[in-house]
Every structure is written in C-alpha cells, then in structure tokens.
Amino acid sequence: MGTIGGTLKNMDKPLLLVYFLLVAAGWFNIYSVVYDPESFAGFSFATRYGKQLVFIGFAILLAAFVMISDLRVFTQFAYLYYGICILLLLAVLVVGTEISGAKSWIKIGSLSIQPSEFAKVATCLAFAKFVSQPSLNMKQPRNQLRGALWFLFPMMLILLQPDAGSALVFLSFVLPLYREGMSGWVLVTGLVAVALFVAALLVNRYVLIGFIALVTIFLIWRNKRSVKNIALGGLLFLVCSLYTLGVEYAFNHLSAHQQTRINVLLGKEQDIHGAGYNVNQSKIAIGSGGFWGKGYLQGTQTKFDFVPEQSTDFIFCTVGEEWGWAGCTVFLGCYLFLLLRLVKLAEKQRSDYARVYGYGVAGIFFMHLFVNVGMTIGLLPVIGIPLPFFSYGGSSLWAFTLLLFIFIKMDARQRNL
Amino acid sequence: MQRSTVNRASVVAAIFIVFVCIYWIRLFQLQILDERYTLDAQSNAIRHKVQYPGRGLVFDRNGEILVYNEAVYDLMVVPGQVDVDSMDWNFLADLLEIDSAGTRERYKKARSYSRYAPSVFEKQISKEVYGRLQEYMYQFPGFYVQSRSLRRYPQPIAAHVLGDVGEVSTEEIKANPYYKPGDYIGKNGLEKYYEEALRGRKGVKVVMVDVLNREKGSYKDGLYDSLAQPGESLFTTLDIGLQAYAEELMHGKRGSVVAIEPSTGEVLALVSAPSYDPNLLVGRIRSRNYGELIKDPQKPLFNRALMSYYPPGSIFKLPQALIGLQEGVIGPNTGFECDKTLIGCHEHPDARTLAEGVRMSCNPYFYQVFKRIIQQGKNPSIFEDSRIGLSRWDEYMHSFGLGIRLGIDLLGVKGGYIPDTAFYDRFYGRKRWAFSTIYSLSIGQGEVSLVPLQMANLAAVMANRGFYLTPHLVRAVGNDSLAAGDTVRHYALVESKYFDPVVRGMYEAVHLQKGTARRAEIPDIVVCGKTGTSENPHGEDHAVFIGFAPMDHPRIAVSVFLENSGFGGTWAAPLGSLLIERYLTGKVVREELERQVKEFTIFERDAEGNIIGPPAH
C-alpha cells in the first residue's frame, strides 16, 4: 500500500491549500460572530465556534477517508447513493423537522442532518457517471435532456420542502452539460429570460418593448438584411414582448403578499422591518467595513442582533465588516482561484467521468458563492443557502468536503497512473 | 473539435470571472465609494433609534376625547457602547434619583439581553430629570434618551371599555416578533381589541454617534431610516356624558349598566361596577396599582357587563310572551288566573290580557305560557313532547341573542346560558324530565343565565320590534368606517306584529297602575320597561331592569343590573330611567329621585357617610 504516500504526494497542493485556508478563515469568522469580550469564559464546545471546530475535525477525517479509500467506492455505487438520497429526500417530506418554514432536516437523536446537502454529492456522482458513458452522444439534445433529468428530479423534491436555495444549486449542472455539448444558446436564452423577467417587473412595459425593438433592429442591421433574417428578428421581437407581458400579467395575478415580497427583493418597495430588513442590515454591516475593515473581532454591526442568521447565511457580512474591501478582495480571489483551478484540472482529466464530475463540483461551488454573496450585497433576493466552508453547520461542511476531495482523489489517481 | 471544447472551458471560466468581478465592483461601491458615510470604527458607532409612533387617540361619539397621549422619556442603554469602568455610576444614579446599587444590576440585565441592541435602563423619567440629565449625557457613552408616550384619560371613566396599555410580556414577544422588550401593547378592552390599528408602525432611525455620545446625524442620509406610522384614531360609539353619569349613579353599587342605540347597535354606555380610574393603570404606577386592584375582593377589574352570568329574572318573560304568540299558543287577550299554587307570586289582580301579565309581571301567568310552549301535545309521551317543545324554544331564544356570544368588539365576552335538551338529558337522563321539571325557566330562574350585555340587547330587540344589530363600541378606525358585519340586522324568529302587545305591557309596567316599573316613569317621555328580581340563593336578590324610550322611534335601550339590591322596581328601574332621561333630554329634572338613587348603596358607610367598599375614583 505504498499508494497512500503516493496519493498524498499526488494531491493537488494548491486546491488543498485553498481548502484549508477557507475552512480556517471560516472558523475564525464564526468565532468573531459569537465573540463577546465581556462574557468570554474560556473555550467551550457548547458555543457555535466550539461545535464548528468539531465539525471541521470530522470533515478532515472524512477527507482523509476519501483519500485512502478506493475511488471505486464512490464511482461504482454512484447510482446507489443517488437512490438513497432520493429516498431520504422523500422521507424528509414526511418525517422531516421543520426549521424556519422548510422541512429540510432529519433528526436522529441530537444530530440533525440535511439530506439535500448530501444529495448534491450523490447527484454530482450519478450525473457524471451517466453523462460520461462512452455510448452516449451528448451532442444530441435528447441525451442532454436525459442527463438533465438526473438533477431536475432531486431539485423538484427539494422545492417541495420548500427550500428554493438548495434547489437552485442543482441548476449549476447546466455548466457540465454545456461543457459536454449542450448548445450555448440554452445558456444565453436562460440568461435573457431571467434578465427580461426582472426587467418586466422593474421597467415600464412600453419602455421595455421599445428597448427590445431597438435590440432587434440592431441585430438585423448588423447581420445580413435578408428577408429571412428580418422575419427571424420579427419573431424574436414578438416572443420577447409577449414573454414580458406574460410575466407582468402573471405578477399582477399574484396575491398582494407575494407581490410585496417580490417588490422588496427587486428594491421597488422599502420594507425595512419586513422582507427587506436582513438585506438592509447586511448592507450597512458590509458598507461600514470600508477599505481595511474594522479589524478582527471589532465588528459592531454583525454581532447578535442587527443581522439575523449571522453565522449561517449572512456570514459574509462579518468578512465585509471586519476585513473591509481588502479582505473581500482576498476572499473573492481565493474563491475564483478555487473555481478556475477546478476547471483547469477537470480539463486535464483523461477520464470523462472525472471531467464531468469536476465541472459539477465547480458549478456547485460557484452557484453557492453567487447566490449567497449576491444576497448579502443586495444584488439577489434573500435565499437561504450556505457559503461553502464559511457558514456554520456540519452537513454543508461535510458535503462540500466530500465533493471536493472526491475530485482531488480522482485527480491524484490520474497523476499516479 | 478540439478548439471548440477548449473554448467551452474558457466560456465557463469567463462566466466565473465576470460574476466574481461584478461582485468585486459592487463591494467596491458599497465599501469605498460610500466612504464619506462609512464609520470610523474606532470612534463612532451606529445607533438604531426606534421611532415610536403615537398611539391612536380615542374619541366618543360626539368627537370628545376619551384617551390621549402624554410624552415621557425612557433612558436607553446600548451595553456594548458603555464605558463600564470609567463611568461614574453613582452620579448617574443621583441624576436619575434611583438607588446607586441598582445601576450595575440594570446594566447587567440589559447586557444579558443584548450587547448591541438598546434596552430600557430607566422607564418614564420626568421632564425635570430629563432636563438635568441632558446636560451630562456626554459623560455616559452608550446611554441616550428616547421619547415615549403614555395614555391619559381626561375623565376617569370607561375603564372596562377602554382597557389599558402595558409593557409586552415575554409570551407576547414570542407570539409576535413585531414587539421588542419594553414596547407597549394593549392589555385589555379596546386597547387590546384594536391593538394593531392603535399602535401604528414603529420606524427606525439609524444615526451615528461619536465618542462623546453626541449624535452626529443620520447614517447614509437616512437611507435606512423608516418613518414611524402613527396609530389610527378610534371613533367609539360611547357618549362621554352618559357614560360618566352612569358611573356616577353606579357608585356604591355592584353590577352593570349597558345602554345601546337600538337602530344601530351602537353602545352608548357600558359600566361595570365597581370600576376604577383608568389613570391608575398607566406607566410606572401600573404594576403596583394592578396588583392592588386584582386583590380587591370586589373584583373591580372584572367586566361584569360582558362576563358575569346572572339569572335574568322576570325580564325573561318578554321573550317567553313573544314565543307564545309566534307559536300561537296564546293571544294578546289571553288571560290566566294568578294561581299561587303553581308558582309563587306577589299580590295583584288576575291578568286579563297579555299586556297586563307583563305589566304586573304575574308568575303563574308565565308559568302557563311556558307550559303551552313546551307541551304542545305533538307527541303522546309528555317527556318527548317537552323535548320537542324545548328544542324549538332554544332556537327562539338564540334568535334573541341569548345563549350565544354577541360579537361585540371587546375580548372575553360571554354568551350566557340557555339550557338545551342535551343538558337536561345529561342532567336528569333521557325521558326523565318534562315541563314540570323545568318550569322555573318560565320566569327566568333555574338553569338560565344572561350577561348584562345580552339584557341590553334584548331591550334593543324589543325597541326594534324584532331585530338587533350586533352591539359594538367602535364606529370607525382612522378613516375606515365600521365593518359591514355590524350593520346586519339579526331578526328574531318572532314576527314584528307580535311585539306590539308585549311592548304595550312594557309601557303599562311603567305608566299604569299596578305596573312593576312605576318608578321609571319620566314626565313627557313614553318609557317602556320591564323589571326583574333575580333570585339569589347566596344572599339578597339581584335587581334588574331593561327598558327603552321613546316608545315610538326609540333612541336608547338600557339594561341595569344591581347585585343584592332587592326588587327590580325599587332601584334598578329608576336608575335606568335616569339614564334615559339624561340621554334624551340632556338633563335630569327628577332631582329627588336622582339623589335617592345616588345615595343608595349596598356597602357600608363610615361615620361621615362615605361609602366604604369599592375603590373610589
């Protein structure tokens, strides 16, 4: 078993370094949130930072287990794990414990686990296994759709909890799908649809339709002005306009309560104490950080009361407040490095399985960063979703660790060959 | 092929880079471009000052003020900003005129709640203390003064209707996250029922504070501020003059007065005696006074008008007569001999008509009426027959608003009790009871009981000749006039035409010889009334009177219930008539009667003739 030493040697050092950096920084942040200079009575495992330290300990054990175990433990039984997670997701709908409005947790004794976190790992493994079958031509839309079903199904189940944030993460599998041959137009259409959706609610309908008309004319003008192109342009204009009007119509038929929520998210209505409260507090906290931040443990806004969910979903506020723009730059830099490194290593993989899986991991991390940070800086609606390695909580930390280290193991195995 | 896949990797990488850059720029905007507002972490702090809206005012039906607000000040503390060791705690205690030993305790309590959210350090400090304190505030970083308002009552009346306002309890905070420790909430009466409208909506002002505890102005030009929304005014249906007069008359008595405008269901006056001065339950003195009131054996906090179950006595004969007419078992000219072997009665000639039966309140007469209602011979078994009769009778009674909870806009209102077949089946067993078992219901004794509000509502049904509108105390909240539900006419199951002979009897009871409510007669006003004496096994009987006036186009219906005050005609009827006189004419000419009613008391008097018993205003 000289392979253990070999594995260690072949592990991608930069990834490993970023992982430990993020986990350590995350823990110090949680410590800062809970820290209270006057009532500090020594270290305690009953506090959140104490528990998080235990979680981190287990996470490292988990990582070590992944590294010494045979990779086939994961790849061979991917469909089985997927099946188990689907069963758990079904079970959670029935026997789940409700925490802040969503039935996402299963309580076993004193331990609560969140199946949706592990479903990410299992889905990633199973999806990669399916897509990487040599007999499958992923250029065919029919096969792309079959691949998509692998993540759309758990996504539906999670939406039923309802946990929109975790469900959203599964959309990140569009990235590996794109990499494997899905038309780029799907990405573009998706982005345009989202942009038009938001614009339809924010902008006056005539202005918006006028804008769509201008874009259409521009596209026709830039391309060959053939009858066919003009007809296509007209069709594009028609579809986009009807879509925006449809969105507007649907919005006006929502209940007043739902309308308010959406309006607050879009910044159209000020509701400081209602739905918009968290975001406002979060922006104050981050904004008050300035360039260099207030210094470690010096934050005043991000403790206890002003920002709710401080150690979980809004942990990024502490980074912004105590470390300032400089700290945020380092933080975003680390993350970007992690993402780009994952893409780079994925491209290097000789096994299709490992490549698809690597893209899946990158997509999931990206989606978490995108949604979580976007929410705290007021660019996206408030959707509860953890910031990988930073947010307090065992389930998410273990799931992210598992996700990452399975890929590191794949990569190391390839180098070992 | 190779080229296209490499491109795809680049596209994915580009997506990552673009979005991270967007966030990076956004953070730059939040943290750097807004720098002119950004706090210097070393010397400044942000303070979230809650802006408390003024609680809504309460008016009577003529726009006279019943409740207003008075400004007071709370000294707040943000424990995280306090310079615990270098601050002069004794000096602060001196300024506040409090025990210096307690200041640290208060600080610790505030700290245990939160280091960064403000807590109340000292509640409701006076203007003088506030003035002195203001000069030295710079010595107490972390402390600031917040203005609050307290309820004030220009006249010490209507305590049970208006209710009171107190600090939120832990349970209330748990139940509704709008409330924070130290907030006020309606605890009783209209204050509780209309809490959401009255309280308005808190605002928040984010201000910057420097090391000298001076506010440096609003944070980010008020970007995160929200304005407090003042509470909405309540326009009640009470008549402040009538309410005050009713409370004056009820002084020294125990019981209840309710007056309703029959055509609208608007409550003109609602008294539960003994009462208390609502100004006692305000601010710092609230908890001490509340403790005393709750220990008072006369139970002044208990709203008898809505919650006290009383046997109605002879006023119950009115619905009995109406049901008899509607069922066709008696007619307006039905007469019955006053046969005291059936049921006890006072000395009076036999009633030859229904109106005479009501006028003289003949017990055997209504024994016969009730017997005919209950035992109509629809079933050969007298048990089954009584069962059929009683269940039909129940429906009638409920249609008068008896035995059901009237949806008045106060909490805790009770429905009284009208026994049903299920009750007797349970009590005696099926087929083991008949009319002979339940005959005392005929004269409003036995298992039946009403709350005073229902008695007044019954008077309103009589006044309207057949319907009532749910009694209510508020006409409009802010600009919204009252809910549609309050304008629905609830019709009794008795046709309007059958009311005439019974109302005639009520007229005779007041205005003709042998009438039981003769003392309710008012010169120049045609009053209809009915007295009752509710038998009380525990002591002196209770006196009841319900009535309305004028007989045609009635404007007021009243119920008077006086505990332990003997015959209804003696004190309850004149008291009710004084209220009618006062409301309809704006004055009282029967001064001698007024004096007697005011002097009558069921409590003892001391050597100077002052009433000892209920708390005086």
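Where in region B:147-259 are the helices (runs of 4 or more DSSP H), entirely inside, with at least 2 residues that are away from chain A (no Cβ under 14 Å), touching a Lys or Arg at 6+ places or on another chain (Cβ under 8 Å) and modelled with pLDDT under 85?
In region B:147-259, there are no helices (runs of 4 or more DSSP H) which contain 2 or more residues that are away from chain A (no Cβ under 14 Å), touching a Lys or Arg at 6+ places or on another chain (Cβ under 8 Å) and modelled with pLDDT under 85.
Within region A:1-24, is even one residue over 26 Å from A:Ser69 (Cβ atoms), surrounded by 15 or more Cβ atoms within 10 Å (Cβ to Cβ) and at pLDDT 70 or above?
No, region A:1-24 contains no residue that is over 26 Å from A:Ser69 (Cβ atoms), surrounded by 15 or more Cβ atoms within 10 Å (Cβ to Cβ) and at pLDDT 70 or above.
Restricting to region A:356-399, name every residue that is open to solvent by less than 10 Å² (accessible area, probe 1.4 Å) and without any contact (Cβ under 8 Å) to a residue 40 or more places away in the chain.
A:Phe365, A:Leu369, A:Gly374
Which pairs turn up if I take residues in region A:337-353 that are closer than 17 Å to A:Leu16 by Cβ and assigned by TED's automatic domain parsing to the domain that holds A:Leu17 and look for partners that are in a helix (DSSP H, G or I) and among the basic types (Lys, Arg) with beta carbon separation below 6 Å, at least 6 apart in sequence or on another chain?
Qualifying pairs under 6 Å: A:Ala346/A:Arg355.
Determine, yes or no, whether A:Ile230 is assigned to a helix (DSSP H, G or I) and open to solvent by less than 80 Å² (accessible area, probe 1.4 Å).
no
Which is facing chain B (nearest Cβ under 9 Å), under 25 Å from the mean Cα position of the chain (by Cα) and at pLDDT 80 or above, of A:Leu332, A:Leu345?
Of the residues listed, the single one that is facing chain B (nearest Cβ under 9 Å), under 25 Å from the mean Cα position of the chain (by Cα) and at pLDDT 80 or above is A:Leu332.
Could you run through region A:312-330 and say how many residues are open to solvent by 10 Å² or more (accessible area, probe 1.4 Å) and in contact (Cβ under 8 Å) with a residue 60 or more places away in the chain?
The qualifying residues number 2.
How many residues does region B:545-561 contain that are modelled with pLDDT under 95 and open to solvent by less than 20 Å² (accessible area, probe 1.4 Å)?
Selection size over region B:545-561: 1.
Given the condition open to solvent by less than 10 Å² (accessible area, probe 1.4 Å) and at negative phi, answer yes or no: does some residue in region B:336-351 qualify?
yes
Evaluate the following for B:Ile46: is it open to solvent by 50 Å² or more (accessible area, probe 1.4 Å) and either within 13 Å of chain A (Cβ to nearest Cβ) or at pLDDT 80 or above (or both)?
So B:Ile46 fails the test.
With region A:157-209 as the region, which helices (runs of 4 or more DSSP H) entirely inside it contain at least 3 residues that are open to solvent by 30 Å² or more (accessible area, probe 1.4 Å)?
A:184-202
More than 9 Å from chain A (Cβ to nearest Cβ), in a loop (DSSP other than H, G, I, E, B), open to solvent by 40 Å² or more (accessible area, probe 1.4 Å) and at pLDDT below 90 - does that describe any residue in region B:32-41?
No, because not a single residue in region B:32-41 is more than 9 Å from chain A (Cβ to nearest Cβ), in a loop (DSSP other than H, G, I, E, B), open to solvent by 40 Å² or more (accessible area, probe 1.4 Å) and at pLDDT below 90.
Is there a residue being hydroxyl-bearing (Ser, Thr, Tyr), over 16 Å from B:Ser436 (Cα atoms) and assigned by TED's automatic domain parsing to the domain that holds B:Thr531 anywhere in region B:348-360?
Yes, region B:348-360 contains at least one residue that is hydroxyl-bearing (Ser, Thr, Tyr), over 16 Å from B:Ser436 (Cα atoms) and assigned by TED's automatic domain parsing to the domain that holds B:Thr531.
I want to confirm something. Restricting to region B:509-532 and keeping residues that are assigned to a loop (DSSP other than H, G, I, E, B) and among the charged types (D, E, K, R), which single residue is surrounded by the most Cβ atoms within 10 Å (Cβ to Cβ)?
Per the stated criteria, the residue is B:Glu521.
Could you please find all residues in region A:361-377 being facing chain B (nearest Cβ under 8 Å) and farther than 23 Å from A:Pro176 by Cα?
A:Ile377
With respect to A:Lys103, determine if the residue is open to solvent by 50 Å² or more (accessible area, probe 1.4 Å), assigned to a strand (DSSP E or B), at pLDDT below 85 and touching a Leu at 6+ places or on another chain (Cβ under 9 Å).
Taking the combined requirement at face value, the residue satisfies it.
So, in region B:546-570, how many residues would count as being touching a residue at least 40 places away in the same chain (Cβ under 8 Å) and closer than 22 Å to B:Tyr245 by Cβ?
Residues meeting the conditions: 17.
In region B:278-303, what residues are open to solvent by 30 Å² or more (accessible area, probe 1.4 Å) and under 21 Å from B:Ile98 (Cα atoms)?
B:Arg284, B:Ile285, B:Arg286, B:Ser287, B:Arg288
Residues A:Leu208, A:Leu232, A:Leu219: which one is within 24 Å of A:Leu380 (Cβ to Cβ), outside the structural domain of A:Pro141 (by TED's automatic domain parsing) and aliphatic (A, V, I, L, M)?
Just one listed residue meets the conditions, A:Leu208.
Please state which one of B:Tyr138, B:Tyr113 is surrounded by fewer than 20 Cβ atoms within 10 Å (Cβ to Cβ) and within 14 Å of another protein chain (Cβ to nearest Cβ).
So the residue among B:Tyr138, B:Tyr113 that is surrounded by fewer than 20 Cβ atoms within 10 Å (Cβ to Cβ) and within 14 Å of another protein chain (Cβ to nearest Cβ) is B:Tyr113.
Run down A:Ile262, A:Ile286, A:Ile220 and say which single residue is within 11 Å of chain B (Cβ to nearest Cβ) and either in a helix (DSSP H, G or I) or modelled with pLDDT of 75 or more (or both).
A:Ile286
Would you check which residues across region B:315-335 are out of contact with any Pro (no Cβ under 9 Å at 6 or more places or on another chain), open to solvent by 20 Å² or more (accessible area, probe 1.4 Å) and of a type in the set (S, T, N, Q) and list them?
B:Gln326, B:Thr334
Taking region B:450-497 only, how many residues are buried (at least 23 other Cβ atoms within 10 Å of the Cβ) and either within 30 Å of B:Val329 (Cα to Cα) or among the charged types (D, E, K, R) (or both)?
17
What residue, among those in region A:79-100 that are in contact (Cβ under 8 Å) with a residue 40 or more places away in the chain and not in a helix (DSSP H, G or I), is farthest from the chain's Cα centre (by Cα)?
A:Gly96
Checking the structure you have, find out if any residue of region B:431-440 is closer than 25 Å to B:Gly357 by Cα, part of a loop (DSSP other than H, G, I, E, B) and open to solvent by less than 10 Å² (accessible area, probe 1.4 Å).
yes
The values are calculated or read from the model by the stated rules, or taken from the named source; none is laboratory data. Note that the structure is a prediction, hence the values are computed from the model and not measured. FYI the Cβ positions are ideal-geometry reconstructions off the backbone, even for glycines, and counts take in every protein chain you see. We work out accessible area using only protein heavy atoms, side chains counted, and drop any ligands, DNA or RNA first. Shrake-Rupley method; radii C 1.70, N 1.55, O 1.52, S 1.80 Å.
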